[in-house]
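These notes concern the structure reproduced below.
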Amino acid sequence: MAIVEAIEMTETIDVPETILVTGGAGYIGSHTCVALLEAGYDVVVVDDLSNGSEHAVNEAAGIAGRTIEFHRIDVADRAALDAVFEAHHIDGVIHFAGLKAVGESVVEPLRYFRVNVGTALTLAETMADHGVKRLVFSSSATVYSPQASMPLREDAPNGPTNPYGETKSMIERILVAAGDADPELAVALLRYFNPVGAHESGRIGEDPAGIPNNLMPFVMQVAVGKLAELSIFGDDYDTPDGTCIRDYIHVVDLARGHVAALCRLGEHPGVQTWNLGTGRGTSVLQMLAAAERAVGHPIPHRVVGRRAGDQPVSFADVSKAERELGWRAERTIDNMCADHWEWQRTHPDGFRE
Ligand code: UFG
């Protein structure tokens, strides 16, 4: 074999990096596993399956035609997490694991602080002990103050209004302090807007336990006949059609944003924040109309009173993510509804069938 040819061959035999995904059996986690595998990373998932399914991990691997190492552990279990870091050479971590229901966090604040903040601390300490320096953290637009002006930029004032949002904000501050103490640490704080949709294969999607709190899973469960009608929480807001406006982002676009952030961290240490949204606002009634187009029949609904704590309008300034991550959400509201419907139609009971 010619020398040049041999050199070319060794250059292409790069060992793939291994990414640990906590909460990888959940909604955004499983879609991110697909995006990571498709980008050439190896993936290790840890999840206690409290709000996720091992089927989601298997389907994510199947979509990408690859395998995923799965460990059923609680990330707050330090000994179990240590064992995972010892069993695999972890190059970076994406941290999704945590509790995420706003209303529940108001009723059970101590559990939310214990689980979300405690889990993040255990993970950060374990990473430090094993010399792992790259972390992508699943944060939320809920960290912004309701008084912040639209579109929300990353430097807008913080001021979460519920314990769930407080935990996200607190973890962000913990990671900023950790970054101040360790200049080699590279952390992405990703503030999601409203993730909806499902993988276009229809094989993975959102599988909420019990009655959904969020708009899109509720709409789709009405469409499939599991719930009787959608309650629209208020049509007397100061918006064009009177219903609240949100920045809905397709979960596959969101998942790809994580891969873009991970790549960026490889070149830029420090703690950095990016909004992941589309930069466009859509009202509840516009979302309902798009869902009806996707489903092909009317979706029963009724306007009721406002839901406590809802902001009239929330949407992102996504220019920082576009500029620095080279990433942009591509999928439309109609794509989101069509993909979500395909998942819901083929999995009326989620992964429990
Ligand atoms: N809505 C209804 N009926 C429903 C459910 C929701 O009319 O049955 C309306 C809400 O009033 C709101 C909009 O649909 O106007 C979106 O509500 P979601 O609950 O889907 O989303 P939120 O914007 O309230 O919350 C989301 C995430 C939170 C996160 C928050 C802020 O679910 O985790 O964005 O980023 F904290």
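The values are calculated or read from the model by the stated rules, or taken from the named source; none is laboratory data. All of these numbers come straight from a predicted model, not from anything done at the bench. Ideal geometry is used to build each Cβ from the backbone, glycine not excepted, and the neighbour counts take in all protein chains shown. Surface accessibility is based on the protein's heavy atoms, side chains included, excluding ligands, DNA and RNA. Shrake-Rupley method; radii C 1.70, N 1.55, O 1.52, S 1.80 Å.
Calculated FRET efficiency, Asn158 and His297, Cβ-Cβ r, R0 45 Å, to nearest 0.05? Working shown, then result.
Values: r = 42 Å, r/R0 = 0.94.
Using R0 = 45 Å, I get an efficiency of 0.60.
Could you calculate the contour length gain from Thr346 to His89, that is, 0.36 nm times the residue separation minus the distance between their Cα atoms, to one decimal place in nm?
Between Thr346 and His89, full extension yields an extra 88.8 nm.
Over the chain, what is the percentage of antiparallel beta bridges among all DSSP beta bridges, to the nearest 5? Don't skip to the answer; put the middle values down first.
Details: 3 of 42 bridges.
Taking every DSSP beta bridge within the chain, about 5 percent pair in antiparallel fashion.
Separation between the Arg114 and Glu267 pseudo-spin-labels, each 7 Å from Cα along Cα→Cβ, expressed in nm?
Distance between label points: 4.5 nm.
With a probe of 1.4 Å, find how much accessible area the chain has per residue, and write the answer as a whole number in Å². Could you put the intermediate results ahead of the total?
Working: 15680 Å² over 353 residues.
Per-residue value: 44 Å².
Which three extents, in angstrom, do the Cα atoms of the stretch 191-253 have along their principal axes, listed largest first?
38, 31, 17
Give, rounded to the nearest 20 debye, the magnitude of the charge dipole that the chain has about its Cα centre when Lys and Arg contribute +1 at Cβ and Asp and Glu contribute -1 at Cβ.
1020
Counting only DSSP beta bridges with both residues in the stretch 1-158, tell me the antiparallel percent, nearest 5.
5
Leaving out same-chain residues fewer than 8 places away, which lysines sit with a Cα under 26 Å from that of Lys320?
Once the sequence-local lysines are set aside, what remains near Lys320 is Lys100, Lys133, Lys168.
Tally up the carbon and sulfur contribution to the accessible surface of the stretch 227-353 as a whole percent, 1.4 Å probe, everything protein left in place.
Its accessible area is 50 percent carbon and sulfur atoms.
Compute and list, largest first, the equivalent-ellipsoid semi-axes of the chain from the alpha carbon gyration tensor, each √(5λ) rounded to a whole angstrom.
Those come to 33, 24, 20 Å.
Nearest-5 percent of antiparallel DSSP beta bridges in the stretch 97-218?
10
By average Cβ neighbour count within 10 Å, what is the ranking of 22-31, 72-81 from highest down?
22-31, 72-81
What value does the stretch 208-343 have for Rg/Rh, both radii from Cα atoms and Rh as Kirkwood defines it?
Working: Rg = 16.7 Å, Rh = 16.3 Å.
Reported Rg/Rh, Kirkwood definition of Rh: 1.02.
With runs of 4+ DSSP H residues as the only contributors, calculate the mean residue ellipticity of the chain at 222 nm using -39,500 (n - 2.57) per run, divided by the residue total and rounded to the nearest 500.
-12500 deg cm²/dmol
Can you classify the stretch 48-131 as rounded, prolate or oblate using the Cα gyration tensor, where a ≥ b ≥ c are the square roots of its eigenvalues, rounded means a/c under 1.5, and otherwise it's prolate if a/b beats b/c and oblate if not?
oblate
With a 1.4 Å probe and every protein chain kept in, tell me what percent of the accessible surface of the stretch 50-122 is carbon plus sulfur.
The C+S portion of the solvent-accessible surface of the stretch 50-122 is 52 percent.
Taking 0.36 nm per residue of sequence separation and subtracting the Cα-Cα distance, how much length would be gained by fully extending the chain between Asp180 and Val304, in nm to one decimal? All intermediate terms of the calculation are to be shown ahead of the outcome.
Details: separation 124, 0.36 × 124 = 44.64 nm, distance 4.76 nm.
Contour length minus Cα-Cα distance gives 39.9 nm.
Could you tell me which residue out of Leu262, Pro240, Asn213 lies farthest along the dipole of the chain toward its positive end? Charges go on the beta carbon: Lys and Arg +1, Asp and Glu -1, centred on the Cα centre.
Of the options given, the answer is Pro240.
Taking the Cα centroid of the stretch 89-112 and of the stretch 190-221, what is the distance between the two, rounded to the nearest whole Å?
Cα centroid of the stretch 89-112 versus Cα centroid of the stretch 190-221: 17 Å apart.
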